[in-house]
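The values are calculated or read from the model by the stated rules, or taken from the named source; none is laboratory data. Just so we're clear, the structure is a prediction, and the values are computed from it rather than from any experiment. In this analysis, Cβ positions are derived from the backbone assuming ideal geometry, glycine residues included, and neighbour counts consider all displayed protein chains.
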Amino acid sequence: MYCSKALLSIFGLTLVYIVSVNASAAGEEPGPFEDRTEINLFIDEMVAEHKFDKKELTALFDKARLHQSIIDAISRPAESKPWYEYRPIFVTRSRVRGGVLFWQENEAVIKQVSEKYQVKPEIIVAIVGVETRYGRHKGNYPILDSLATLAFAYPPRAKFFRSELKHYLLMAKEEGFDPLEHKGSYAGAMGMPQFISSSFRSYAVDFDNDGKRDLWENTADALGSVGNYFKRHGWTAGQPIAHKVEVNGIKYKELLTKSLKPKHTQDELMLAGVTLPGDIPKDIKGKLIELDSGDGPEYWVIWDNFYVISRYNHSALYSMAVFQLSQEILESR
C-alpha cells in the first residue's frame, strides 16, 4: 500500500511507505549479490512450484543489485518516532494544499470510487497524500532490487520479503510486464498508493476498464484500488474513525495495549474513566490509545474504521496521520 502499506507492517512491517531513499542521491553504487546460495534455492523453488524457466530467472537475477541504502532505510522506520515528531512529516500545509488540488483535479473519479466502495473520499485522498504526495514521489529503486536485497541480505525480514518477491514475479507474469521495468520504494512498495506485491495481486483493480491494472500512471486504477482495499478490509460507511477524549483516574491505563483492534464496549470505556462524545452510534466497540504530544500524553478512542486504515500500515501513528490529514483536507476544500 509506504508501507507505506509498504511497514511494512504494511501488512506486518510498520515502516514502509514512509521514507524513500534515493540511492543515486546518496552516492551509492549497488553491486551484485556475491553469495548466490539463497537466490539459487529461490530460483529452483519458483521453477518447481510455478513453472518458471530456470535460465530466464537466472539471467534476471544476474541483473539484480544489492543496495546497502535499502538495508539502512529499513533499519530506521519513521514509525519509531514519537507522535509529535511523526505528525509534522505528513500533516503539513503543503500536503493539505496538495490534497485539495488533487481532489479538485480528480473530483469525478474520486466521487465514483467513493460511491462504489462506500469509503470516505477524504480518506482515499489522504492515503495517496501520505504515501506518495499524490503520486509525485513513487520511489526510485528498481522493485526487483528492493525485494531481492531484503529477501537475501536482510535476515530479520527475509521470510516476508522472499514471499513478496515471489508475488512480484508472479504479478509480472500475470500483468505482462518485465520485472526490471518498474521502480518503487526501498521496501518494494509500488505506484501511487504504494501497494506491496501481494496486495497488488489481491486488491488492485482496473477501475477504468482499459484492460490492465496500472498503479503507476493511471490515477483511476490507483484510487479505485485504494477504495477496494479499504472495502475488502471492512470499512463501514457512516461509522466514526477516531475521537480525542479525556481520561480520569488510573483504571483507563488497563486499556492501553499494543493492539489496535477495537474490543471494548462504550460502557467499558466509560467505566474505566474515558469520557466519550454523546453522538457515537450504539453498540460499536472502541480502543483507547495514547500518543505523545510533546507536552504530555493525548488520548484517542479509535473505532473499527481506524483499524481498517491500520491494515494499510500496522501503525497507530500512520493511521492517525492519514485521519488527521484527511480532516484538514476536507475542511480546506
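Can you confirm whether residue 158 is among the aliphatic types (A, V, I, L, M), buried (at least 23 other Cβ atoms within 10 Å of the Cβ) and modelled with pLDDT of 95 or more?
Judged against the criteria, residue 158 is not a match.
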Residues that are within 27 Å of residue 71 (Cα to Cα) and more than 17 Å from the chain's Cα centre (by Cα), drawn from region 178-228: 178, 179, 180, 181, 182
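If I ask for residues that are in contact with a Ser or Thr (Cβ under 6 Å, 6 or more places away or on another chain) and either among the basic types (Lys, Arg) or not in a helix (DSSP H, G or I) (or both), which ones from region 161-185 would you list?
Looking only at region 161-185, we keep the residues that are in contact with a Ser or Thr (Cβ under 6 Å, 6 or more places away or on another chain), and these are 164, 167-168, 171, 185.
Within region 161-185, 185 is the sole residue that qualifies.
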Candidates 153, 73 - the one that is buried (at least 22 other Cβ atoms within 10 Å of the Cβ), of a type in the set (Gly, Ala, Ser), out of contact with any Gly (no Cβ under 6 Å at 6 or more places or on another chain) and more than 26 Å from residue 206 (Cβ to Cβ): 73
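Based on this model, can you work out whether residue 73 counts as within 30 Å of residue 178 (Cα to Cα) and not in a helix (DSSP H, G or I)? Step through it out loud before you land on a result.
Working: within 30 Å of residue 178 (Cα to Cα): yes; not in a helix (DSSP H, G or I): no.
Criteria not met by residue 73.
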Look at residue 287 and say whether it is of a type in the set (Lys, Arg), on the phi < 0 side of the Ramachandran plot, surrounded by fewer than 16 Cβ atoms within 10 Å (Cβ to Cβ) and not assigned by TED's automatic domain parsing to the domain that holds residue 202. no
Residue 282 passes all but one of (1) outside any loop (DSSP other than H, G, I, E, B); (2) surrounded by fewer than 24 Cβ atoms within 10 Å (Cβ to Cβ); (3) not assigned by TED's automatic domain parsing to the domain that holds residue 86; which number fails? (1)
